[in-house]
Amino acid sequence: MSEPRYAARLRALALAALVLCAGVASAQARVLEAGEGKAYKLPSQAIAAAQDGDTVQIAPGTYYDCAVVRASHLLIEGTGPDGSAILTDKTCMGKALLVIGGGDVTVRNMTLQRARVNDNNGAGIRAEGVNLTIDKVKFINNQNGILAGDKPGSKIIIRDSEFLRNGVCMASCAHGIYVGHIALLRVKPSHFAETKQGHHIKSRAQRTEVIGCTIEDGDTGTASYLIEAPNGGALIVRDNTLQKGPKAENHSAAIMIGSEGVDQPTPEILIENNKLSNTGNYGTYLVVNRSATEARLKGNKLTGSVKPLLGDGTVN
């Protein structure tokens, strides 16, 4: 066989092998449906049967159910409009409505509400695996909306989601979002409102980004900080609408940095193009910075009794 014909044959065999591998991978990935009249009546049954790479689709309805997610590269999504697949009033392993141990899991278009456990630390989602994406999910009236422990290298990405009336402070505090020492927490256009006692967002991540969100106490919310980075870490807060309300239990700041001691690199703090209004009868700061890194405040608009910065930094 001539050299050109031999090379062409090798290319054809290689292409056929790639197509075969892609076909096998596609055949292995399944769609498991949960709901009335579906193959699985409850979301937990479909999730328990799922394998790596599968998709679990949950029909609209209210499910008094919880699940432990062990598969990786899994998509769990509601199929109805606007979060109409609802998990409520039940927790697994004494932790959460969804306890996610698998890696690279995505949860989309669902409502997770009323998670309660005896130690007051129940969550809509307990993130125990590596890398989690949350897309168009509502977290309503849980002790924690999302709770994630230390997982170095992990990234949690949250988009277009709602956190309403989460939080509690009893033996310890629970929050709208509370993540431990991970690589990245990124929250993009999402809405936080009426958090109770805890913070709207508490992050010990190496890098925390909050961009294009609305974070508000409203008239009845009793939250502490809107955003807290208690151990430092890079912090980017940009293009948000922020409000501290009349019933906020902590008047000192909207954004608190280093309150529990800085124990990780804090290469930058950028607070840019945010709008903060204080509707309470008290004074507050946009930023209290207890780290040694200079905070850069640029283009922020402040309404009410608000000063821009306490601690190291510059204000433009």
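Averaged per residue, what accessible area in Å² does region 100-233 show with a 1.4 Å probe, protein chains only?
Result: 31 Å² of accessible area for each residue.
Using alpha-carbon positions, what is the distance between the centroids of region 163-178 and region 269-303, in Å?
Going from one Cα centre to the other spans 22 Å.
If you take every residue apart from Asn274 with its C-beta less than 15 Å away from the C-beta of Asn274, what net charge results, scoring Lys and Arg +1 and Asp and Glu -1? Please list the in-between numbers first.
On the way: positive: Lys188, Arg238, Lys244, Lys275, Arg296, Lys298, Lys301, Lys307; negative: Glu209, Glu216, Asp239, Glu272.
Net local charge, Asn274 excluded: +4.
What aspartates and glutamates could a cross-link reach from Lys244, if we take a straight Cα to Cα line under 13 Å and drop same-chain neighbours fewer than 8 places away?
Excluding near neighbours in sequence, the set is Glu194, Glu216, Asp217, Asp219.
Hey, if you put +1 on the Cβ of every Lys and Arg and -1 on every Asp and Glu Cβ in the chain, which of Thr195, Ile227, Thr214 ends up farthest toward the positive end of that dipole?
Ranked along the dipole, the leading option is Thr214.
Roughly how many percent of the accessible protein surface of region 57-147 is carbon and sulfur, given a 1.4 Å probe and a whole-percent answer?
45 percent
Rg and Dmax of the chain, Cα atoms, in Å?
Cα-based Rg and Dmax for the chain come out at 22.5, 89 Å.
With every protein chain kept in place and ligands, DNA and RNA left out, what is the accessible area per residue of region 256-316? Probe 1.4 Å, answer in Å². Could the numbers behind the result be given before it?
Numbers: 3130 Å² over 61 residues.
Per residue, region 256-316 has 51 Å² of solvent-accessible surface.
Would you mind calculating the relative contact order of region 158-262 from Cα pairs under 8 angstrom and at least 6 residues apart, reporting the percent as a whole number?
Taking the mean separation of contacting Cα pairs over the length of region 158-262, I get 24 percent.
For region 115-266, take the convex hull of the Cα atoms, compute a quarter of its surface area, and give me that in nm², please.
Taking the Cα atoms of region 115-266, their convex hull projects to 7.7 nm² on average.
Can you give the relative contact order of the chain as a percent, counting alpha carbon pairs under 8 Å and 6+ residues apart? Let's see the in-between values first.
Working: 1027 pairs, mean separation 25.7, N = 316.
Once normalised by length, the contact order is 8 percent.
Round to a whole number: what % of the accessible area of region 251-316 belongs to carbon and sulfur, probe 1.4 Å? Please report the intermediate quantities before stating the final value.
Numbers: 1570 of 3260 Å².
Result for region 251-316: 48 percent of the exposed heavy-atom area is carbon or sulfur.
Between Gln51 and Lys301, what is the label-to-label distance in nm when each label sits 7 Å out along the Cα-to-Cβ direction?
Distance between the two pseudo-spin positions: 5.5 nm.
Got a sec? Charge dipole of the chain, +1 on Cβ for Lys and Arg, -1 for Asp and Glu; which of Thr293, Gln51, Val179 is way out at the positive end?
Going by the Cα projections, it comes out as Gln51.
In Å², what does the accessible area per residue of region 52-98 work out to with a 1.4 Å probe? All intermediate terms of the calculation are to be shown ahead of the outcome.
Values: 1850 Å² over 47 residues.
Accessible surface, normalised per residue, equals 39 Å².
The values are calculated or read from the model by the stated rules, or taken from the named source; none is laboratory data. None of these values were measured; they are calculated from a predicted model. Counting neighbours? That spans all protein chains shown, and the Cβs are built from the backbone with ideal geometry, glycine included. Calculation scope for accessible area: heavy atoms of the full protein, side chains included, ligands and nucleic acids excluded. Shrake-Rupley method; radii C 1.70, N 1.55, O 1.52, S 1.80 Å.
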